[in-house]
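Input: a single structure, listed below in C-alpha cells.
The values are calculated or read from the model by the stated rules, or taken from the named source; none is laboratory data. Keep in mind that this is a model prediction, so the values were computed, not measured. Positions of Cβ are backbone-derived with ideal geometry, glycine not excepted, and every protein chain shown enters the neighbour counts. Ligands, DNA and RNA are excluded from the accessible area calculation, which covers all protein heavy atoms including side chains. Shrake-Rupley method; radii C 1.70, N 1.55, O 1.52, S 1.80 Å.
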Amino acid sequence: MALTLVGFSGDLLRYTITWTGYGLVALALIVTAAVMLYRNRSWLQPLIVPTPLLLFTAWCGLSITWSEYRLETSIAWLIQLTIIGLGFTTAALLTREEFLQAFASALRAIVAGSLIFELGVALFTGDGLIPPAYFYGNDLEFFFGSGAPQKSTATFPSTMYWSYGHLIEGGAIQGLPGNRNLLAMVTLFAIATTVTQLLDARLRKSYGLAFLAVAFYTLWRTRSATSLVTLGFMLLGAALVFAGRRIERRWRWALYAGVGTVLISGAVLVVRNYEEVFALMNRSSDMSGRGDIWRAVIQFGAERPVTGHGWISYWAPWLPQFDDLGVVGPTAHQQAHNAFLDVWMQTGHIGVALFALVVFATLVRAWWQAIDRPTAGPLTATHALGFILAIGLVVQSTTESRLLVEGYWFLLCFIAFASRQHRHELPSTQPIRQVTQASVAVPDRRKAGNR
C-alpha cells in the first residue's frame, strides 16, 4: 500500500518534505522490499523476466556510452532498474488477490484524501495553494531568479499551484497528485479495482458502491478529457474480455479483426476531423499546447534519430538540452507528453521499438491471462484486471509520459511479471463475507505450492 501511495502521489511528498524527503522515503521502501525478498527467498515463485523488458532496459543502460549527459543517464537507469526490481518483488511476494487488496486500498485513499485536501484548500486558503516545499530552499530562486517572491500570497504562474481551491466554486480539481490528469488516472484505476473486487465479492457492496459514487464525482470534477477517452477504451477492453471468455478459440480471430477494423477506422476519423473532435472535448486542436511540445521534441530527436540523446526518463531542467525544450507560453513542461515520442527522443529508433515491444507483449500476455481458464479454480474478474489497467496505461501514454516513471512504470512492470506466472498460481476466490476466522490463517506456501 505504501508503495502505491508513494508511486501515484509522489508530488504529495515532494511538495511537503522536498525531493530530499521523498528520496529518503523511497529509499526506505526499497530497503524494505529487498529485506522482504531476502527473508522469503525459500518459497518464492520463480518469475520469468520478459525478454522485451530486459532488452529495453539494457538498451537504456547502453545509452550511457553515447549520452550527452552521462551522469543523469546513469542515475535515471539506476532508478529504472530499481522500479523494475520493485515490480518483480511485488509479483514474487504477493498473490493477485493480495496485490489487488493493497493496490485498491491505496488508490481509494488517494481519491478520498484528494477530496478532503481540495475542500481544505477551498475553505482556508481562498486563492489556491503553492507547495510549501517551494519556500524551504532555493526552488523559487531557480524559477524566478533573485527577485523570487517569498510569500505564498504573491502571484505565481498557474502551473505552480498544487491546488487552485476550486472544489466549492466548481472548477477543475487537482488533488494530492497536483495535476488533474494524474488525479483522473488514479481515480480511473481506483474505479477499475473497486469494480473488480465487487464482482468477485471481495468487498462489501455498500462500501464499494459508496466509493464508486465518490470516485465518479471526482473524475467529473477533474475536467480531464484524456480520462474520458481512457475510460472509453477501458470499457471496450472489459467488453472484449466478456466476449472473449464466451466464444470458442477459433472465433477469437474474427473478434480481433473486428476490433482492429473499428480502432483503425476510428483513428482515421479522429485524424481527419481532429478540430471538431477536440472542440467536442472542449480542448484546443493542439491538445493545450502539446502540439508545440511534440514538434520541439521531434526536431530535437531528429538530430540523433537512431540512438537518441541518452536515457533520462524525468527531464532534468538544469541541463541545456531540456532548459526550454518544452516551454509553451509561460509554462515549462518537463516531459514530451507522449511516452513513445519521449522514448524515441531519448533512445532513438531502436529504443522506441523495444519499448513498443514491451507494451505490446505485456498487453498480449495480460489478455491471455484474462480470457484463458486456469488449470485450477474459476476464471474471475481479478484475472482481467491486469489487461484493463494495461489499456489505461497505454491510452494515457499518448498524451502523457508518466508511463516511464514512478507508479505508472512500476504498474507496467508488475503486470509484465505477473502475466508470466504459471496459470495455477491463483488467489483464493472465496468471497470475503464468507471467510471464517479459521480460513484466514496464513497457509504454508511451500507445502501448498501457491507461490
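Based on what the data block shows, is R221 of a type outside the set (G, A, S), in a helix (DSSP H, G or I), open to solvent by less than 30 Å² (accessible area, probe 1.4 Å) and modelled with pLDDT under 85?
In short, no.
Which of the residues that make up the range 167-211 are over 15 Å from the mean Cα position of the chain (by Cα), not in a loop (DSSP other than H, G, I, E, B) and not aromatic (F, W, Y)?
If the condition is that a residue be over 15 Å from the mean Cα position of the chain (by Cα), not in a loop (DSSP other than H, G, I, E, B) and not aromatic (F, W, Y), then T194, V195, T196, Q197, L198, L199, K205, S206, G208, L209, A210 are the ones that fit.
Anything in the range 357-381 that is closer than 24 Å to V395 by Cβ and either open to solvent by less than 10 Å² (accessible area, probe 1.4 Å) or aliphatic (A, V, I, L, M) (or both)? List them, or say none.
Hits for the range 357-381 are L357, V358, V359, A361, T362, L363, V364, A366, A370, I371, A381.
Mind listing just one residue for me: the one in the range 234-250 that is part of a helix (DSSP H, G or I) and out of contact with any helix residue (DSSP H, G or I) (no Cβ under 7 Å at 6 or more places or on another chain) and, of those, surrounded by the most Cβ atoms within 10 Å (Cβ to Cβ)?
It comes out as L236.
Would it be correct to say that F322 is of a type in the set (F, W, Y), modelled with pLDDT under 95 and over 17 Å from the mean Cα position of the chain (by Cα)?
yes
Output the residues belonging to the range 251-306 that are open to solvent by 70 Å² or more (accessible area, probe 1.4 Å), under 18 Å from L341 (Cβ atoms), modelled with pLDDT of 70 or more and more than 25 Å from the chain's Cα centre (by Cα).
Matches in the range 251-306: Q299, E303, V306.
Name the one entry in I116, I64 that is hydrophobic (A, V, I, L, M, F, W, C), farther than 29 Å from Y15 by Cβ and over 21 Å from the mean Cα position of the chain (by Cα).
Of the residues listed, the single one that is hydrophobic (A, V, I, L, M, F, W, C), farther than 29 Å from Y15 by Cβ and over 21 Å from the mean Cα position of the chain (by Cα) is I64.
Looking only at the range 157-211, which residues are open to solvent by 30 Å² or more (accessible area, probe 1.4 Å), among the small types (G, A, S) and at pLDDT 90 or above?
S206, A210
Tell me which residues, restricted to the range 82-102, are over 18 Å from M36 (Cα atoms) and within 19 Å of the chain's Cα centre (by Cα).
Residues satisfying the conditions are L100, Q101.
Name the residues in the range 51-77 that are among the polar types (S, T, N, Q) and either farther than 18 Å from V405 by Cβ or touching a strand residue (DSSP E or B) at 6+ places or on another chain (Cβ under 9 Å) (or both), would you?
T51, T65 - these are the residues of the range 51-77 that are among the polar types (S, T, N, Q) and either farther than 18 Å from V405 by Cβ or touching a strand residue (DSSP E or B) at 6+ places or on another chain (Cβ under 9 Å) (or both).
Consider A390 against the criteria (1) small (G, A, S); (2) assigned to a helix (DSSP H, G or I); (3) modelled with pLDDT under 90: it satisfies all of them except one. Which criterion is unmet?
(3)
Take the range 91-121 and flag every residue that is open to solvent by 20 Å² or more (accessible area, probe 1.4 Å) and free of Cβ contacts under 8 Å to residues at least 60 places away in the same chain.
Answer for the range 91-121, where residues must be open to solvent by 20 Å² or more (accessible area, probe 1.4 Å) and free of Cβ contacts under 8 Å to residues at least 60 places away in the same chain: L94, I116, F117, L119, G120.
Just give me the residues in the range 52-90 being of a type in the set (S, T, Y) and in contact (Cβ under 8 Å) with a residue 12 or more places away in the chain, in sequence order.
T57, S63, S67, Y69, T73, T82, T89, T90 - these are the residues of the range 52-90 that are of a type in the set (S, T, Y) and in contact (Cβ under 8 Å) with a residue 12 or more places away in the chain.
Looking at Q334 and the list (1) open to solvent by 10 Å² or more (accessible area, probe 1.4 Å); (2) at pLDDT 90 or above, which single condition is not satisfied?
The failed condition is (2).
Scanning the range 373-395 for residues that are touching a Lys or Arg at 6+ places or on another chain (Cβ under 7 Å) and not hydrophobic (A, V, I, L, M, F, W, C), which turns out nearest to V343 (Cα to Cα)?
Applying the filter and picking the extreme gives T382.
Tally time: how many residues in the range 398-412 are of a type in the set (S, T, Y) and surrounded by 23 or more Cβ atoms within 10 Å (Cβ to Cβ)?
2
Quick test for you: out of T429, T398, pick the one residue that is part of a loop (DSSP other than H, G, I, E, B), more than 20 Å from T380 (Cα to Cα) and modelled with pLDDT under 90.
Only one candidate qualifies: T398.
For the range 17-39, check the following and say yes or no: at least one residue is touching a residue at least 40 places away in the same chain (Cβ under 8 Å), over 22 Å from W318 (Cα atoms) and small (G, A, S).
Within the range 17-39, one or more residues are touching a residue at least 40 places away in the same chain (Cβ under 8 Å), over 22 Å from W318 (Cα atoms) and small (G, A, S).
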